[in-house]
Amino acid sequence: MIDGALPYLRCPVCGQPLARTGDQALRCRQGHSFDIARQGYVNLTAGRSPHPGDSAEMIADRAAFLAEGHYSFIADALADTVRPDDGLVLDAGTGTGDYLARVLQARPDAPGLGIDVSKPALRRAARAHPRAGAALADVWRPLPLADASVSVLLNVFAPRNGPEFHRILRPSGVLLVVTPAPDHLRELVTTYGLIGVDPAKPERVAETLGRSWRVEGTATHRRTLHLTAARTRTLIGMTPSARHVSWGDLRAAEIAVTAAVDLTVYRPA
Ligand SMILES: C[S@@+](CC[C@H](N)C(=O)[O-])C[C@H]1O[C@@H](n2cnc3c(N)ncnc32)[C@H](O)[C@@H]1O
């Protein structure tokens, strides 16, 4: 439901607050109106169509993989990092909304909002948790949120916009960024030629966020996943490498795969 996040949303055209007009739209005082899709997400792009984001196939593979709990250690790490308060949790590049849902479980009074450019992702994110809303919005553009409105900002394997994240985060808020560690999925990189992780990534993340952030700490979380050929295929399918892999090469036997991520906690400086 979008209602919990509504007080924090702003019109992408004029920046005014938004209110519901019936079930199917949000509107600002200037009369700009934004449809709520039948599947529950609101389109806050103001008519500028962003690129389509992850495809329906990628999102279906991601949903299947996450539902089996292979990455629940990442969701748990995020949930363990947030303190319970009732401020808005925003997940930028939310995908299926699974991580947002897990963090909302750890914050029993907080509303949540997932934003993404992928409509197949938003259809799932809108149903991820009773307190989570979902909005079509491009991370690279001004975000449809009020200044200092977000308490916890999640950014998991997704693009980030340092200046906008800084504007919408409360001074006491926290930005949690999850990026692949250098050995993430290394067995798949070696065996199937998956696109590898750039070892300079953590520095690049800090660079792209800009100077107005203070790193509170980084923790690496690592698991060995034991994957059947079918699950390996699902995992590859949810990555941009899916297009480059020849499925005929997939091994029939179970494979042990390293999943390793860096979770970095940023505070506005
Ligand atoms: C690798 S997926 C990660 C999804 C989710 N955070 C997770 O880890 O399960 C990246 C997500 O970012 C979205 N995305 C890509 N570019 C975006 C943009 N400019 N604005 C908002 N979302 C974007 C994609 O559609 C996709 O859902």
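The values are calculated or read from the model by the stated rules, or taken from the named source; none is laboratory data. In this text, all values refer to a predicted model and were calculated from it rather than measured experimentally. Note that we place each Cβ from the backbone using ideal geometry, even for glycine, and neighbour counts take in every protein chain shown. Accessible surface is based on the protein model in full, side chains and every heavy atom, while ligands, DNA and RNA are left aside. Shrake-Rupley method; radii C 1.70, N 1.55, O 1.52, S 1.80 Å.
Worth a mention:
- Considering only THR239, THR220, THR191, the mean-square fluctuation computed in a Gaussian network model of the chain, springs between alpha carbons under 10 angstrom, is largest for THR191.
- Over region 127-245, relative contact order from alpha-carbon pairs under 8 Å, at least 6 apart, %: 21
- Shape class of region 37-162 from the alpha-carbon gyration tensor: oblate, with a/c at 1.5 or above and b/c at least as large as a/b.
- Exposure rule at most 12 other beta-carbon atoms within 10 Å, DSSP loop trypsin sites (Lys or Arg not before Pro): the chain longest free segment: 49-210
- Using every pair of distinct Cα positions in the chain, the Kirkwood expression returns a hydrodynamic radius of 19.0 angstrom.
- Cβ-based net charge around ALA126, under 11 Å, with every Lys or Arg adding one and every Asp or Glu removing one: +4
- Degrees, to the nearest 10: 72-81 long Cα axis against longest axis of the chain: 50
- Around the Cα centre of region 1-138, unit charges on the Cβ atoms of Lys, Arg, Asp and Glu (plus for the first two, minus for the last two) sum to a dipole of about 540 debye.
- Only Lys, Arg (+1) and Asp, Glu (-1) charged, at Cβ; region 64-214 dipole about Cα centre in debye: 320
- Amide H contacts under 5 Å for ARG10, placed H, 5+ residues apart: LEU145, ALA146
- Protein accessible area in the chain, 1.4 Å probe - carbon and sulfur %: 50
- Dipole of region 30-91 computed with +1 at Lys/Arg Cβ and -1 at Asp/Glu Cβ about the Cα centre; of ILE59, SER72, SER49, farthest Cα towards the positive end is SER49.
- Solvent exposure of region 1-86 amounts to 53 Å² per residue of accessible area, where only protein heavy atoms count and the probe is 1.4 Å.
- Region 95-167: C-alpha gyration tensor shape, a/c 1.5 cut-off, then a/b vs b/c: oblate
- Solvent accessible area, Å² - HIS166, 1.4 Å probe, full protein context: 60
- With the helix formula -39500 (n - 2.57) applied to DSSP H stretches of n ≥ 4, the chain reaches a computed 222 nm mean residue ellipticity of -7500 deg cm²/dmol.
- Local charge for ALA79 was computed over the other residues whose Cβ lies under 13 Å away, with Lys and Arg +1 and Asp and Glu -1, and equals -1.
- Cβ-based net charge around LEU185, under 13 Å, with every Lys or Arg adding one and every Asp or Glu removing one: +2
- Here the chain is assigned +1 on the Cβ of each Lys and Arg and -1 on the Cβ of each Asp and Glu. Its dipole about the Cα centre then comes out at about 500 debye.
- Which of SER149, PRO180, ALA110, positive extreme of dipole for region 110-269 (C-beta unit charges): ALA110
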